[in-house]
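Below: the structure, in structure tokens.
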Amino acid sequence: KLYVNVSMRSSGISYASSHNNTSDARLKNIIGYEEVSIETIASAPLIKFTWKNGDSRVHIGTTAQYWLGTELHDVIEQNDYLSMDYATTALAGVISVARKVMTHEEEIAALKRRIGELENEIETLKAA
């Protein structure tokens with residue numbers, strides 16, 4: 001096994017793709033669980049932008065300033081600029097939304113059962 005602990009500094013804007021193979025729970029001290037509210041996710045700015053350093057390619061993203069004030073603790077300050085890990089933010093958002101959807105699915109199923117029961121009661125009352 002190879003573990004590399006790297007510190008990287010940049011005097012400008014840097015971005016990269018990453019794949020983290022160290023997500024094994026046995027390597028983590030779990031200190032709590034996080035959930036990002038649907039309101040926080042839905043209110044996040046989704047922007048189209050180009051970098052001010054001359055890179056003219058159009059990107060889609062959000063702003064660290066927005067996420068700094070939320071329950072997601074993923075924004076850090078580096079060289080007077082704010083930075084965040086998009087992968088962590090996206091994963092937290094997807095899991096939070098999936099949990100909310102599952103809750104809604106359960107509530108919908110319960111309501112459908114109750115509607116069926118009430119329809120049966122109405123039919124029984126009509127027949128009486």
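Shown in residue order for the stretch 74-79 are the 3J(HN,Hα) couplings computed by the Karplus curve 6.51 cos²θ - 1.76 cosθ + 1.60 at θ = phi - 60°: 10, 9, 10, 9, 9, 6 Hz (x for Gly and Pro). Residue-wise HN-Hα couplings along the stretch 98-104, as the Karplus relation 6.51 cos²θ - 1.76 cosθ + 1.60 with θ = phi - 60° gives them from phi, are 4, 4, 5, 4, 4, 4, 5 Hz; Gly and Pro carry x. Remark: spin-label model distance Gln65-Val94 equals 2.9 nm, labels positioned 7 Å along the Cα→Cβ axis.
Taking 4 °C and 1.567 mPa s as conditions, the stretch 60-128 diffuses translationally at an estimated 82 µm²/s according to Stokes-Einstein applied to its Kirkwood radius (Cα pairs).
Just so you know, all these numbers are worked out from the coordinates, no wet-lab data involved. Keep in mind that what you see is a predicted model, and the values were worked out from it rather than measured. Neighbour counts are summed over all protein chains in view; Cβ atoms, including those assigned to glycine, are modelled from backbone coordinates with ideal geometry.
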